[in-house]
Amino acid sequence: EPLIGIFLNTLAVRVDLRGDPSFRQLLGRVREATVDAFANQDVPFERLVEALQVPRALSHSPVYQAMLTLQNAFGAPLALEGLQVERMGTTVVTAQQDLSLALEERDGLEGMIQYATDLYDAPTIARMAEHFAVLLDGASADPDRPLSRLPMLSDAERETVLAAWNATDAEYDALPVHALVQAQARRTPDAPAVTCGAETLSYAELDARANRLAHHLARLGIARGGTAAISMERSSALLVAMLAVWKAGAAYVPVDPAYPEERRAGMLADCGAAVVLADAVSVEGLPRTDAAVVTVDRLDLAAERDSAPPIDVDADDLAYVIYTSGSTGRPKGVMVPHRGVANFLASMAREPGIAGEDVLAAVTSLSFDIAVLELLLPLTAGARVVVATRDEAMDAGRLANLLDASGATMMQATPATWRMLLQAGWAGKPDLAILSGGEALAPELARELLPRGRALWNLYGPTETTIWSAVQRVESADSIHLGRPIANTRLYVLDPALQPCAIGVPGELFIGGDGVVRGYLNRPELTAERFLDDPFSTTPGARMYRTGDLARYRRDGNVEFLGRLDHQVKIRGYRIELGEIEALLLRQPAVREAVVIAREDVPGDKRLVAYVVPQASGAGAVDTA
């Protein structure tokens, strides 16, 4: 009785959410945990912190950072003998916890949220309060529903994230890609189409060469629905080969001559290509294959017809099969139909945009799907593509000279390539549209690129949704994100129950729309795992792709990339499953255990590093090739 003070003691309670309980089950668990805590309530909180030896920091309180307080003692007036008592409000200006919710029972239930302004802002807290109210309504209405299925988003917010921000419907010519190029050749037959080195082909010449080669390939057994591998150095003949394969009805499979022989052999065997198109340089290093090998630059096609073969190709036929890294050590072939490519090119022609007078410098290997934009976007818009040779693409000085000499107005490259140019002293090009994609665009790189061109674009998308699925025009290096979905594309940020996350809440990014590919070649189990029915689409049979990327909605409707949910990394734009490299290392007789990580000891220089535990001594050396 002589003491004056605050007679409160804080009880830290662990909430058990294992097994996705219902709200009713959760209440039972919380009651049990709370009663157990009350049995030890006389232990001061300070003693608990001391006994647990929790690391201390001035930035947050130990043991817990969120608090729920329920005051239910103020229903009746407080009376003390001989005293008049009046309750007075106070203004709290300092948050004691990261987040606390204080509720009081009066005529109804009133509440107040206190929060650390270093972590939250007012609009975020307002949304959280709304979500909490929706959650309580849902729990009250159906207390036996699992927690993961209880609603948090209001109808208006759900409509915003699922529909309003995905209102991307746009018309496009759903034609095979070669038909789009052929139509452009009819419109501008004499305009320059492709330049490589000293050679320039007009649209009419490019189309005629592709037609002649297509007739030859058709006689070799290429047919609609089949595949033909392309293993060629970068040249104008590479474009001719791509178009010819399509005109013959097949899909092309890029096989980079620079890849290891074992990988190329595995790709050729897996795709079942009837023909391998090579050139005089790459044919010498081809692995053994049962496919017919055509050395394109040694053919005499003068007797072939200049008109296209009479082969019907549909927009839903495959355009290409491109192999990406696989976690089991086996690369997986992504089957991309023409429809997705046609939609992609039409969307890119609008944003970032391209015009007939543009010149696009193509620097990317055909085995990297972003090469499709570089090689074909200009050809569907009447522009010109300048194909950099392998040596030009890998040498900063030569690439800078090519940009100037060719009059390039657009170039797409990975951040690694843009860094290579900057490190070599590239001063920029005022009329150049700079497109960056393949991996995250770092703010410091964006800061250097912004003044060196007329526009900077950040591009995002996995191979499984046809190259790029979102674009952002970067206005400031301090605000870089994935942007908005391209035409006929939908971006969903979903929780583990595949329900839409609230604005600002991290979740896994799923992509739906016309760009979603057919799946993985000869891998039905992996296709079923990564490609799911799209429950938010009104299109019958629509599917969405599980990207494995962690993301969240921003308040402005843009999507922000937060990292990966698995062990996949991107280096120089190439998507790499660390598990693939680990699996290959473990095949070595001298290796007992292996782990591979991506390290960036020097900013901008990300490298793969492998750590191995050898077998017992004498087991042999590790082959590091």
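The values are calculated or read from the model by the stated rules, or taken from the named source; none is laboratory data. Since the structure is predicted, the reported quantities are computational estimates derived from the model, not experimental observations. Here the Cβ is made from the backbone with ideal geometry for all residues, glycine too, and neighbour counts use every protein chain on show. SASA here: full protein model, heavy atoms, side chains in, ligands and nucleic acids out. Shrake-Rupley method; radii C 1.70, N 1.55, O 1.52, S 1.80 Å.
Odds and ends about this structure:
- Subset of the stretch 108-142 that is among the acidic types (Asp, Glu) and under 15 Å from residue 95 (Cβ atoms) - its residue that is surrounded by the fewest Cβ atoms within 10 Å (Cβ to Cβ): 118
- Within the stretch 200-225, considering residues that are in contact with a Leu (Cβ under 9 Å, 6 or more places away or on another chain) and outside any helix (DSSP H, G or I), the one least open to solvent (accessible area, probe 1.4 Å): 201
- Residue among 437, 519, 453, 512 that alone is within 26 Å of residue 160 (Cβ to Cβ) and not basic (Lys, Arg): 512
- Residue match in the stretch 234-241 (condition: of a type in the set (Val, Ile, Thr), open to solvent by less than 30 Å² (accessible area, probe 1.4 Å) and within 23 Å of residue 202 (Cα to Cα)): yes
- Matching residues, the stretch 328-357, being surrounded by 22 or more Cβ atoms within 10 Å (Cβ to Cβ) and hydroxyl-bearing (Ser, Thr, Tyr): 347
- Qualifying residue in the stretch 17-40 (condition: of a type in the set (Gly, Ala, Ser), within 26 Å of residue 114 (Cβ to Cβ) and modelled with pLDDT under 85): no
- Of the residues making up the stretch 429-462, those that are farther than 21 Å from residue 605 by Cα and not in a strand (DSSP E or B) are 429, 430, 431, 432, 451, 452, 453, 454, 461, 462.
- Test result for residue 419, surrounded by 19 or more Cβ atoms within 10 Å (Cβ to Cβ), of a type in the set (Lys, Arg) and over 23 Å from residue 194 (Cα atoms): yes
- Flag if residue 154 is open to solvent by less than 40 Å² (accessible area, probe 1.4 Å), modelled with pLDDT of 90 or more, hydroxyl-bearing (Ser, Thr, Tyr) and in contact with a Leu (Cβ under 9 Å, 6 or more places away or on another chain): no
- When the test is whether a residue is in contact with a Gly (Cβ under 8 Å, 6 or more places away or on another chain) and surrounded by 14 or more Cβ atoms within 10 Å (Cβ to Cβ), residue 145 passes it.
- Positions within the stretch 276-305 being touching a helix residue (DSSP H, G or I) at 6+ places or on another chain (Cβ under 9 Å), among the charged types (D, E, K, R), assigned to a loop (DSSP other than H, G, I, E, B) and surrounded by fewer than 13 Cβ atoms within 10 Å (Cβ to Cβ), in sequence order: 288, 290, 305
- Filtering 25, 97 for residues that are of a type outside the set (A, V, I, L, M, F, W, C) and either outside any helix (DSSP H, G or I) or farther than 30 Å from residue 146 by Cβ (or both) leaves a single hit, 97.
- Subset tally (residues that are of a type in the set (Val, Ile, Thr), open to solvent by less than 10 Å² (accessible area, probe 1.4 Å) and part of a helix (DSSP H, G or I)) for the stretch 358-382: 1
- Of all residues making up the stretch 306-327, the number that are hydroxyl-bearing (Ser, Thr, Tyr) and either part of a strand (DSSP E or B) or more than 29 Å from residue 523 (Cα to Cα) (or both): 4
- Where strands (runs of 3 or more DSSP E) fall entirely within the stretch 512-625, those with at least 2 residues that are at pLDDT 85 or above are at 531-533, 543-553, 559-564, 591-602, 605-614.
- Test set (1) outside any helix (DSSP H, G or I); (2) open to solvent by 90 Å² or more (accessible area, probe 1.4 Å) - residue 54 fails condition number: (2)
- Residue list for the stretch 1-16, restricted to those being modelled with pLDDT under 80 and open to solvent by less than 80 Å² (accessible area, probe 1.4 Å): 5, 9, 10
- Filter pass, residue 400 being over 22 Å from residue 575 (Cα atoms), in a loop (DSSP other than H, G, I, E, B) and modelled with pLDDT of 95 or more: no
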